[in-house]
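Visitor: For reference, the structure I am asking about is given below.
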Amino acid sequence: MNSGARSPVTGTRPEGTRDEAEAARRVQDLFGRIAPRYDFLNHLLSFSFDRAWRRRTARMVAPRLRPGARVLDVCCGTGDLAFAIEREARRDSRDARIWGGDFVHAMLERARGKAARIASGVQFLGVDALRLPFADATFDLVAVAFGFRNLASYAVGIDEFRRVLRPGGQVAILEFSEPPGPVFGRLYRFYFRKILPILGGLISGSRQAYGYLPASVARFPSPEDLAERLHAAGFASVRLERWMGGIVVLHLAERAADERG
Ligand SMILES: C[S@@+](CC[C@H](N)C(=O)[O-])C[C@H]1O[C@@H](n2cnc3c(N)ncnc32)[C@H](O)[C@@H]1O
């Protein structure tokens, strides 16, 4: 699966895709097809841990939610990270302004439906994470849950996050990872590579989408590699946390206050 430990992975490449444009189109198509069952399958296949992971991420970024803070949940899917962050802000009566952005219309429709049902103030927009339609230094926080791995160019994604953050602003990237360790790692791989694609395929009707999930995680840079890429791109205070034995990893980093030009 991996093209070799030493060859740098530039972005996602679903099977059979040759370049960034093709990879992005395939990702868009995959998520468009699974959107109707996305939430249900997320909760089922993760035994509902996905909710706890987003809540924990929201708690970790809560110190950034000062009154009037501007927050972007990018690759927001059906909006659950944005809603979790909004709950954190409301808990402390802070009026953060939160946007959710995704390039799959069917995901955004579901996000807007949920927002209406729970009286959320999150605004959902069609955006491409690799060409964010926001001015430089707009946000105090850019957060992404399980979306970064799907970008056709990690370098462009990181540069865009940095560009739209104000100096000192924070990026939070929550992503799956392959857990280290022989016993847990083997169990995890068995579940993730054998069971999950079958279950996900049967329920969503797209074997391709749920085969792509483990393949994309196996190919994704290691947590240390991603931390290094953030640092090299002008982020400071880069840190990472492994949760649940390393199944998911949260990276936090700050846009360095000094401009690179
Ligand atoms: C695995 S889902 C994660 C959704 C949500 N953040 C969550 O926590 O469930 C990945 C999302 O990233 C979106 N995505 C992938 N590449 C994107 C891009 N270049 N621009 C915007 N959205 C993108 C997909 O459309 C999909 O909704």
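One line per residue, one yes/no per condition, for (1) farther than 23 Å from R55 by Cβ; (2) touching a strand residue (DSSP E or B) at 6+ places or on another chain (Cβ under 6 Å); (3) small (G, A, S); (4) free of Cβ contacts under 8 Å to residues at least 40 places away in the same chain:
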| position | (1), (2), (3), (4) |
| --- | --- |
| P182 | yes, no, no, yes |
| Q208 | yes, no, no, no |
| S222 | yes, no, yes, no |
| V249 | no, yes, no, no |
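Visitor: I would also like to ask the following. Residues that are surrounded by 20 or more Cβ atoms within 10 Å (Cβ to Cβ), closer than 28 Å to A152 by Cβ, touching a residue at least 40 places away in the same chain (Cβ under 8 Å) and not aliphatic (A, V, I, L, M): does the stretch 81-95 have at least one?
Guide: no
Visitor: May I ask you to say which residue of A58, A84, A24, A96 is more than 13 Å from the ligand (Cβ to nearest atom) and of a type in the set (G, A, S)?
Guide: Of the residues listed, the single one that is more than 13 Å from the ligand (Cβ to nearest atom) and of a type in the set (G, A, S) is A96.
Visitor: Exactly one of these conditions fails for L174: (1) surrounded by 15 or more Cβ atoms within 10 Å (Cβ to Cβ); (2) at positive phi; (3) at pLDDT 95 or above. Give me its number.
Guide: Among (1) surrounded by 15 or more Cβ atoms within 10 Å (Cβ to Cβ); (2) at positive phi; (3) at pLDDT 95 or above, the lone unmet condition for L174 is (2).
Visitor: Go through the stretch 202-261 and give me each residue that's modelled with pLDDT under 95, in contact with a Leu (Cβ under 7 Å, 6 or more places away or on another chain) and among the charged types (D, E, K, R).
Guide: Correct list: empty.
Visitor: Do we find that D102 is under 22 Å from G157 (Cα atoms) and either within 14 Å of the chain's Cα centre (by Cα) or away from the ligand (no atom under 15 Å from the Cβ) (or both) in this structure?
Guide: Yes.
Visitor: When both residues are 6+ apart or on different chains and their Cβ atoms are under 8 Å apart, which pairs have a first residue that lies in the stretch 20-45 and is over 15 Å from G211 (Cα atoms), and a second that is buried (at least 20 other Cβ atoms within 10 Å of the Cβ) and at pLDDT below 90?
Guide: That search, which allows pairs on different chains as well, returns R37/S204.
Visitor: Okay, moving on. Looking at A256, A215, A232, which is the one that is exposed (fewer than 15 other Cβ atoms within 10 Å of the Cβ) and small (G, A, S)?
Guide: Answer to the selection: A232.
Visitor: Filter the stretch 145-179 for residues that are among the acidic types (D, E) and closer than 14 Å to F220 by Cβ; which is nearest to the ligand (Cβ to nearest atom)? Break it down into steps so the answer makes sense when it comes.
Guide: Our first condition is that a residue be among the acidic types (D, E); within the stretch 145-179, this holds for 159-160, 175, 178.
Those still in the list that are closer than 14 Å to F220 by Cβ too: 175, 178.
Values: E175: 10, E178: 16 Å.
Per the stated criteria, the residue is E175.
Visitor: Then there is this: Say whether the condition of being surrounded by fewer than 19 Cβ atoms within 10 Å (Cβ to Cβ), under 21 Å from P36 (Cβ atoms) and away from the ligand (no atom under 14 Å from the Cβ) is met by at least one residue in the stretch 117-138.
Guide: yes
The values are calculated or read from the model by the stated rules, or taken from the named source; none is laboratory data. Keep in mind that what you see is a predicted model, and the values were worked out from it rather than measured. Note: ideal-geometry Cβ built from the backbone for every residue, glycine included; neighbour counts use all protein chains shown.
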